1. Give the residue, chosen from 121, 178, that is in a helix (DSSP H, G or I) and either buried (at least 16 other Cβ atoms within 10 Å of the Cβ) or at positive phi (or both).
2. Looking at (1) closer than 18 Å to residue 262 by Cβ; (2) among the polar types (S, T, N, Q); (3) in contact with a Lys or Arg (Cβ under 8 Å, 6 or more places away or on another chain), can you tell me which one residue 329 breaks?
3. Within the range 165-182, identify whether any single residue is within 23 Å of residue 228 (Cα to Cα) and either among the hydroxyl-bearing types (Ser, Thr, Tyr) or touching a Phe, Trp or Tyr at 6+ places or on another chain (Cβ under 8 Å) (or both), and answer yes or no.
4. Write out, first by first residue and then by second, each pair whose Cβ atoms fall under 6 Å of each other, whose residues are 6+ apart or on separate chains, and whose first residue, in the range 508-524, is over 21 Å from residue 493 (Cβ atoms) while the second is assigned to a helix (DSSP H, G or I) and of a type outside the set (Asp, Glu).
5. Step by step: first the residues of the range 631-673, then only those that are more than 15 Å from residue 700 (Cα to Cα) and surrounded by fewer than 17 Cβ atoms within 10 Å (Cβ to Cβ), then the one that is nearest to the chain's Cα centre (by Cα). Which residue is that?
6. Please identify the pairs in which a residue from the range 140-161 that is more than 16 Å from residue 225 (Cα to Cα) and without any contact (Cβ under 8 Å) to a residue 60 or more places away in the chain has its Cβ atom under 7 Å from the Cβ atom of a residue that is charged (D, E, K, R) and surrounded by fewer than 20 Cβ atoms within 10 Å (Cβ to Cβ), counting only partners at least 6 apart or on another chain.
7. Could you please let me know if residue 298 is touching a residue at least 40 places away in the same chain (Cβ under 8 Å) and in a helix (DSSP H, G or I)?
Amino acid sequence: GKELLMMVMHDGRSCAHFAAVIGHLEALRMLYEVGGKELLMKVKKDGSSCAHFAVRHGHVEALRMLCEVAGKGLLMMVEDDGSSCAHFAAMNGDLQALHILFEFGGKDHLLLVTQDGLSCAHLALFKGHVEALHTLSEMGGKELMMKVTKDGLSCAHFAAKEGNVDVLRMLHDVGGRALLMMVAHNGMSCAHYAALEGQVEALRVLLEVGGKELLMMVAQDGQSCAHLAAEGGHGEALQILLEVGGKELVMVTRGDGVSCAHLAAHGGHGEALQMLCDAGGKELLMMVKKDGMSCAHLAAAKGHAEALQMLYQVGGEELLMIVTENSVSCAHLAAQGGHVEALRVLCEGGGKELLMMVMHDGRSCAHFAAVIGHLEALRMLYEVGGKELLMKVKKDGSSCAHFAVRHGHVEALRMLCEVAGKGLLMMVEDDGSSCAHFAAMNGDLQALHILFEFGGKDHLLLVTQDGLSCAHLALFKGHVEALHTLSEMGGKELMMKVTKDGLSCAHFAAKEGNVDVLRMLHDVGGRALLMMVAHNGMSCAHYAALEGQVEALRVLLEVGGKELLMMVAQDGQSCAHLAAEGGHGEALQILLEVGGKELVMVTRGDGVSCAHLAAHGGHGEALQMLCDAGGKELLMMVKKDGMSCAHLAAAKGHAEALQMLYQVGGEELLMIVTENSVSCAHLAAQGGHVEALRVLCEGGGKELLM
């Protein structure tokens, strides 16, 4: 019965939907007889009715039957996006369906639009169904043809864009001049869209029916039809516009100051640019965008040499010498792109004066050519600007040689060295960085060889304000081969360079555990290099111990002997302190084998022993080694504030470490108090360290806790 037929699928489809898909009239009639209009009015979750399904699949007889029994109410149903049956009929160009829909739904149905504002007329036009569009114009009249999308676009906009003159004439017949004069929400008319695509015949029709007023319209951003024609290089379309608007039209600029000439120059559209030059002359070409860029800037940036030549012929040297707010010249942009032919035109027109211009940050044309490693451009710049141009530096001191090295352009670097010599290479940035620094950071062996060839050892020995040498930077970046190369070129003098903190390459190699580099440094600088200490008195052995670099310590012991591993820093810190603090057991073992009790009994200026540091960190293995080496005597040592190693272990709650300390130092150790009478138990209790307190109770008893 009806109950069965009224059932719908999870997506809302009913039996009527399925019958409509195949256009089965008999099935639809039977469903109607049993389920009535109620069944036919059921919709999918997306709002689709059985009428939508019938139209989509071109079943006009099924559509008619549904309209006859369900009426206009069914037709006024739309999908979630607003699509009506008329939309689908229009997309299919189905004239029969459109007639049926108009017969039963009337004009109201045809005027329905989607959420995007699309009418059935729009869709017929998009799909190229001109006959369907004519039919809709007859049924829906001016009101339908005047419908616009959510962006304000009418059928006239789309017809103009496609160059469909028959449709434009039809729209004019239906909607009159008013329809063709409509503008989108951005202010663009149908003439704008015709110009955008270079639709010459469409422009002629629009001129015929809309007159000069239509072709002279500007959009909200100030863009004219001439802008769009010029941007696309549509010469014939531009010619029509110029015949109508002349100089008045070409002098119009967008809100950002862009003229038609800017757009034609940017695209390298010679024909269009010539037309604009003829119409607007030098006055047009001298116009600049809000950022100060002229049409010559845009042509140069894109390397349009012929366009630049044309601009120079009309605008002269005055045009080529225009710079932006940031002092960017045409030559800068041509060099940046490596546009040699464009540069040649600029050299001929603006000469050395143009090429010598620098940006607000000091960058010259040579800097831009060097960034991309453009040899031909650099040679041309040198021929015109000479060494003087190549020696220009940015405000931060960067030369074009710096730029070439940074970006790995070795051939450009060689060329610059050949013509500008050592003087160029000895230039450094404000922080002292030389070309060699950048080559070392990049691990660029070719660049390093070129720099040594032309700059010699003097260049390689340059250091930054922080004292960093190129050798330091090669090491930091892990470029071992570059470091070897530098050691061969710069020798001991380079390898002995230290930072402002007194750190040598050996310090950094030891910290990283790079034993190959340490051996190489020893080969170059001998024992003296490895024995160097930083300004804080720390040796390379200190840095190896700090990071637990076992193999590095072995090498340092091998080449520097006991003396190196026994060194103490200015604050009294030994290598053993650092190994103990980091819990580096294996490193500490090596140190103890060399220095024994003598080493572990060394204290810092604040009285801190190795045992203090191991206990503080809870490093059991290290602490055991120290107990074995220094015994109770070591553990009984206190800091200047009176704290023992047991205090530090208790404060951190290291119960196992406390147990170990108690086993060696006994109750006497646990009973030590500071100058302020602070005991281990106080600190354990303060931190809520129960296990540590338990050890202290067992070792020191009530007396300690009291």
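1. 121
2. In the conditions (1) closer than 18 Å to residue 262 by Cβ; (2) among the polar types (S, T, N, Q); (3) in contact with a Lys or Arg (Cβ under 8 Å, 6 or more places away or on another chain), residue 329 misses (3) alone.
3. No; the residues of the range 165-182 include none that is within 23 Å of residue 228 (Cα to Cα) and either among the hydroxyl-bearing types (Ser, Thr, Tyr) or touching a Phe, Trp or Tyr at 6+ places or on another chain (Cβ under 8 Å) (or both).
4. Correct list of pairs: 511/543; 513/552; 515/552; 515/555.
5. Once the filter is applied, the top-ranked residue is 656.
6. Correct list of pairs: 140/107; 149/116; 150/116.
7. Criteria not met by residue 298.
Let's see how each residue does on (1) touching a residue at least 60 places away in the same chain (Cβ under 8 Å); (2) of a type in the set (A, V, I, L, M); (3) crowded, with 16+ Cβ neighbours inside 10 Å:
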{"residue": "15", "(1), (2), (3)": "no, no, yes"}
{"residue": "31", "(1), (2), (3)": "no, yes, yes"}
{"residue": "34", "(1), (2), (3)": "no, yes, no"}
{"residue": "37", "(1), (2), (3)": "no, no, no"}
{"residue": "50", "(1), (2), (3)": "no, no, yes"}
{"residue": "54", "(1), (2), (3)": "no, yes, yes"}
{"residue": "62", "(1), (2), (3)": "no, yes, yes"}
{"residue": "72", "(1), (2), (3)": "no, no, no"}
{"residue": "80", "(1), (2), (3)": "no, no, no"}
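The values are calculated or read from the model by the stated rules, or taken from the named source; none is laboratory data. Given the structure is predicted, the values throughout are model-derived calculations rather than measurements. Note that each Cβ is placed from the backbone with ideal geometry, even for glycine, and that neighbours are counted across all protein chains shown.
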